[in-house]
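Note sheet for the following structure.
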Amino acid sequence: MIAPAFLPCALMVACLTLSGVSVVPVYAQTARDAALRITVSDPTGAVIINARVTIQPTEPAGEAVEVVTDERGEAVFPTLVPGRYSIRAAFPGFESKQMDDLRLRAGSNTRREMALSLAKVSEDVVVGQDPRDRALDPRGNAFGNLLTREQIEALPDDPDDMEAALKEMAGPGATIRVDGFRGGRLPPKSQIQSIRFRRDLFAAENHGGGMIHVDIVTRPGGGPLRGSADFTFRDEAMNARNAFAPRQSPEQQHNGTFTMSGSLLKDRTGFSFTTNGVNSYDSKTLNAALPERNVSGSVRRPADRANFSARVDHALTKSHTMRASYQRNGTSSGNLGVGDYDLPARAYSRDTTEDVIRLSQSGPIGRTFFNETRFQFRHQTSESASLTDAPTLQVLDAFTSGGAQIEGGRRGTDIELATDLDYAKGRHSARAGILFEAGRYRSDDARNMGGTFTFASLDAYEAGRPTTFTQRSGNPLVEYSHVQFGAYVQDDVRVARSLSMSFGLRYEAQTHTGDYLNFAPRFGTTWSPFKSGKTTVRGGVGIFYEWYDSQLYEQTLRVDGTRQTDLVVQNPGFPDPFEGGDVVVLPSSRYLQAPNLTLPRIFRTNVGVEQTVGKYGRVNVGYSFARGHDLFRGRNINAPLADGSRPDPNWGNVTQIESTARSQAHVVNTGLNINLPWHRTFLFMNYALAKAMNDTDGAFSLPVDSFDPGAEWGPTMNDVRHRFSSMFNMNLWKGFKLATSVNGNSAPPYNITTGRDDNNDTVSNDRPAGLGRNAARASGRWDLGARLSYTFGFGQRPGADGPGGPQIIMIRGGGGGDTPMGGFSGGADDKRWRVELYLAGTNILNHTNLMGYSGVMTSPFFGDPTSAGSARKLELGARFGF
């Protein structure tokens, strides 16, 4: 049964679906105007970013118009007078190309491609569109960073490590999208065309309101056959010892990747594929306290991965393109769950697989609309098995032994359909779109079927006096579906030459909540006060909603008091929980969802200024504020009353997911981007000063006092006040290149607890009197990474001019940096065969980053760190390309 408020939205979906949709911008075009799109590419078929495209009206004569290509390699001329034109495309390192006598008819929407030939000598020339137009472009470079090819090459070579590095650079809450899709594994660096960090996104098209979106665009297939083979090797002999390991920890990794791309049908169909295999093992340190001795050491953790992806790009017509891709990812991991306080018997293994199919198409509809539609099918499986099913013995922040008690797994199939439509007229550029996501899941994930004894301290363990015994029983199998939907409309209005405003409204709804009134208005403005366009001021305000995750709903289905129940015994005996001690066996416990559950709502606002400094620098400063309402929290609605009785004596603990929590965050962010032509030197720096508070640690995290959950107000778990990241790249001498990165943050908070169940609610999360949540601070951390590479080549590259080919081949990124093609640098791109050798390292100064601080007052480690981040690691690699 669909709620009445959902019906207008369903009608809107039908209307938008009939018309089609797109995330590609469209500009104003009247019935008599003509529109022109020019795609500029290199001899391999890869598009060129920031190439200069100039059109000169010849009949009738008029003034020349100049535009630079965007991240898709396109230069767009939206409102041209019908007639004949001469077109010229140019870019440093390439011969310019001329197209004469192109006729544009009234109302036409024309697309042309221009492939540039390599030049023998390049010049460093920076040109662009009108400065104010560029500054006001909501999808432009202002308040964002486009990583150059050198900066992309400085990222870790393993896609999983690269994803972690990008999230570290972006900060908490960052969303990563690949060609507009979320989820799946990142492509290898050789397949990446650009990586852009976008800030302050208040457009109605965006679901999330996080500070940063990381958009990755992959290289299209096509052109002559080209490829690369990569191999990396890591071994403990090249690493430093972890500060908490008594000896060198075992570690080794063999990582091989092969990519190939080219044309299936000339100028029409291109392909690319990648295969990757990793055989590795690393170590996790142990640091536990037993009654008779302390345990320290490391446990070897094996992991194998196999990944394959393939993509086909096809030109349906001169103006419509389609892309189809397939990914297969598989991982097998062992000895998970071991380390820190967890002894080796706690180990379990996990096997995961993922299949992803993606389809997208884009192109004009008629003369005034432009559409892009995306579809994704994703199937995931995971299976886990424990080393042993023995009961768990947990002595808080001292040691944990016994079995992990994790069995079974989860299978899920998700689909995503998104479509967007652009239409422009006069000063207005309108956009509308829909998003539909649905999933079907089957899970038999079993936890704690053998039971867990919890002890407050080592003394309590030696005396055989556990605080509680918990055990889950019943059938863990659940099957369910999950659907979520979003639709939006927005209008970008050019109020004046120097000022634009954006008005938008987004609507979202989701199953399992019964909440269908989720309207999110958005407003943004951009002001470029000076003719130079070097200063840009932006501001925005809007409402954002967060989704109710399907796995939260899954838990309320599984542990519902019928399918599965939780047994809780207070003051149990040991090893038999029902004999000895002052045994109190509670009735069955369960999870449930509040009947009035709503989607969390976040109010966000921000203001920022960006300034171009000289020829090569950009600096920006911004302030953001967010206030959250109706956030998810867990609360025991059957917690014991003052007299020890429970509101409902037929049940034990009843953990209810509610939307009653709140949050507040302030962030001041500053960024600096410098691109110097001298030795192609690049510097990117970002610093954030933040303060984040809330009164919940998650949907199943219980407050100390379930009758006063607001007393949990305190720093969030990721309330890091200072964050810093930077990247520096420089070509050294004759094919040598150095890239460095620095990431650091101040101390995160952690919670102080007594280690006892002082309020008799069976949860050992009680804090000392007068001490708030997350009141203690751990240590800050920082890491310096570096990558030194040497590139050389040999053989004449097909299509190169002259015996030596060009001296420099580059693609200019939106950040102003020069981006060599094909994933290589150092002057070898003019060669038919190219080789890169490199040495990369993380934490190369071997700084000890202390972690795992114990906040349990009964722990022998109270107030001390129990682990450290990775010590120095070095990696050797080689890449061969053709």
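The values are calculated or read from the model by the stated rules, or taken from the named source; none is laboratory data. Everything numeric in this text was worked out from a predicted model, so none of it was measured. For neighbour counting, all protein chains shown are included, and Cβ atoms are generated from backbone atoms with ideal geometry for every residue, glycine included.
Of S296, S386, S309, S332, which residue is of a type in the set (G, A, S), touching a Phe, Trp or Tyr at 6+ places or on another chain (Cβ under 9 Å), closer than 29 Å to S280 by Cβ and surrounded by fewer than 16 Cβ atoms within 10 Å (Cβ to Cβ)? First the steps, then the outcome.
Details: S386 fails: surrounded by fewer than 16 Cβ atoms within 10 Å (Cβ to Cβ); S309 fails: surrounded by fewer than 16 Cβ atoms within 10 Å (Cβ to Cβ); S332 fails: touching a Phe, Trp or Tyr at 6+ places or on another chain (Cβ under 9 Å).
Only one candidate passes the filter, namely S296.
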- Message: Among the residues of the range 750-791, what is the count of those that are hydrophobic (A, V, I, L, M, F, W, C) and part of a loop (DSSP other than H, G, I, E, B)?
- Response: 6
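Considering Y461, Y480, Y488, Y507, which residue is over 22 Å from L421 (Cβ atoms) and in a strand (DSSP E or B)? Step through it out loud before you land on a result.
Numbers: Y461 fails: in a strand (DSSP E or B); Y488 fails: over 22 Å from L421 (Cβ atoms); Y507 fails: over 22 Å from L421 (Cβ atoms).
Result: Y480 is the single residue among Y461, Y480, Y488, Y507 that is over 22 Å from L421 (Cβ atoms) and in a strand (DSSP E or B).
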- When residues of the range 262-308 are limited to those that are acidic (D, E) and touching an Asp or Glu at 6+ places or on another chain (Cβ under 9 Å), the one farthest from A115 (Cα to Cα): D282
- When the range 343-359 is checked residue by residue, the ones that are among the charged types (D, E, K, R) and outside any strand (DSSP E or B) are R346
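Are any of the residues in the range 709-722 over 30 Å from L641 (Cα atoms), assigned to a strand (DSSP E or B) and either of a type in the set (F, W, Y) or at pLDDT 90 or above (or both)? Full working, then the answer.
Initially, the range 709-722 is screened for residues over 30 Å from L641 (Cα atoms), giving 718-722.
Of the ones still in play, those that are also assigned to a strand (DSSP E or B) are 722.
When the remaining residues are screened for being either of a type in the set (F, W, Y) or at pLDDT 90 or above (or both), the result is 722.
Yes, that holds for at least one residue.
Going by the conditions given, is G450 among the small types (G, A, S), in contact with an Asp or Glu (Cβ under 8 Å, 6 or more places away or on another chain) and surrounded by 21 or more Cβ atoms within 10 Å (Cβ to Cβ)? It would help to see each step written out before you state the result.
Numbers: among the small types (G, A, S): yes; in contact with an Asp or Glu (Cβ under 8 Å, 6 or more places away or on another chain): yes; surrounded by 21 or more Cβ atoms within 10 Å (Cβ to Cβ): no.
For G450, the condition - among the small types (G, A, S), in contact with an Asp or Glu (Cβ under 8 Å, 6 or more places away or on another chain) and surrounded by 21 or more Cβ atoms within 10 Å (Cβ to Cβ) - is not met.
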- Task: Take G581 and decide whether it is under 30 Å from A463 (Cα atoms) and at pLDDT below 90.
- Result: yes
- Note on the structure: Filter the range 723-748 for residues that are among the aromatic types (F, W, Y) and part of a strand (DSSP E or B); the one that is surrounded by the most Cβ atoms within 10 Å (Cβ to Cβ) is F728
- Item | Boolean, R427 is under 30 Å from P302 (Cβ atoms), assigned by TED's automatic domain parsing to the domain that holds T858 and not acidic (D, E) | no
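Quickly run through the range 433-476 and pick out the residues that are of a type in the set (A, V, I, L, M, F, W, C), over 35 Å from the mean Cα position of the chain (by Cα) and farther than 21 Å from D560 by Cα.
Residues of the range 433-476 of a type in the set (A, V, I, L, M, F, W, C): 434-436, 438, 446, 449, 453, 455-456, 458, 460, 463, 469.
Pick out the ones that are also over 35 Å from the mean Cα position of the chain (by Cα) and you get 453, 455-456, 458, 460, 463, 469.
Passing the criteria: F453, F455, A456, L458, A460, A463.
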- Task: Select from the range 276-293 the residues that are free of Cβ contacts under 8 Å to residues at least 40 places away in the same chain and surrounded by fewer than 16 Cβ atoms within 10 Å (Cβ to Cβ) and write down the one among them that is farthest from D397 (Cα to Cα).
- Result: G277
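Within the range 187-197, can you find the residues that are surrounded by fewer than 21 Cβ atoms within 10 Å (Cβ to Cβ) and under 11 Å from the mean Cα position of the chain (by Cα)? I'd like the intermediate steps shown before the answer.
First, pick out the residues of the range 187-197 that are surrounded by fewer than 21 Cβ atoms within 10 Å (Cβ to Cβ): 196.
Passing the criteria: none in range.
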- Query: Taking into account only those residues within the range 862-882 that are of a type outside the set (G, A, S) and surrounded by 20 or more Cβ atoms within 10 Å (Cβ to Cβ), which is nearest to S249 (Cα to Cα)?
  - Reply: K873
- With respect to Q611, determine if the residue is surrounded by fewer than 17 Cβ atoms within 10 Å (Cβ to Cβ), touching a strand residue (DSSP E or B) at 6+ places or on another chain (Cβ under 6 Å), assigned by TED's automatic domain parsing to the domain that holds D761 and more than 28 Å from P749 (Cβ to Cβ). yes
- Query: Considering A438, A404, A430, A390, which residue is outside any strand (DSSP E or B) and out of contact with any Lys or Arg (no Cβ under 9 Å at 6 or more places or on another chain)?
  - Reply: A390
- Within the range 576-591, the residues that are in contact with a Gly (Cβ under 8 Å, 6 or more places away or on another chain) and touching a residue at least 12 places away in the same chain (Cβ under 8 Å) are P577, G580, G581, V583, L586, P587, S588, S589, R590
- Could you say whether any residue in the range 323-341 is in contact with a Lys or Arg (Cβ under 7 Å, 6 or more places away or on another chain) and not in a strand (DSSP E or B)? yes
- Which number in (1) touching a residue at least 40 places away in the same chain (Cβ under 8 Å); (2) assigned to a strand (DSSP E or B) marks the one condition that M501 misses? (1)
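So, T259, is that one at pLDDT 95 or above and surrounded by 15 or more Cβ atoms within 10 Å (Cβ to Cβ) or not? Talk me through it step by step, then tell me what you get.
Numbers: at pLDDT 95 or above: no; surrounded by 15 or more Cβ atoms within 10 Å (Cβ to Cβ): yes.
No; evaluated as a whole, the condition is false for this residue.
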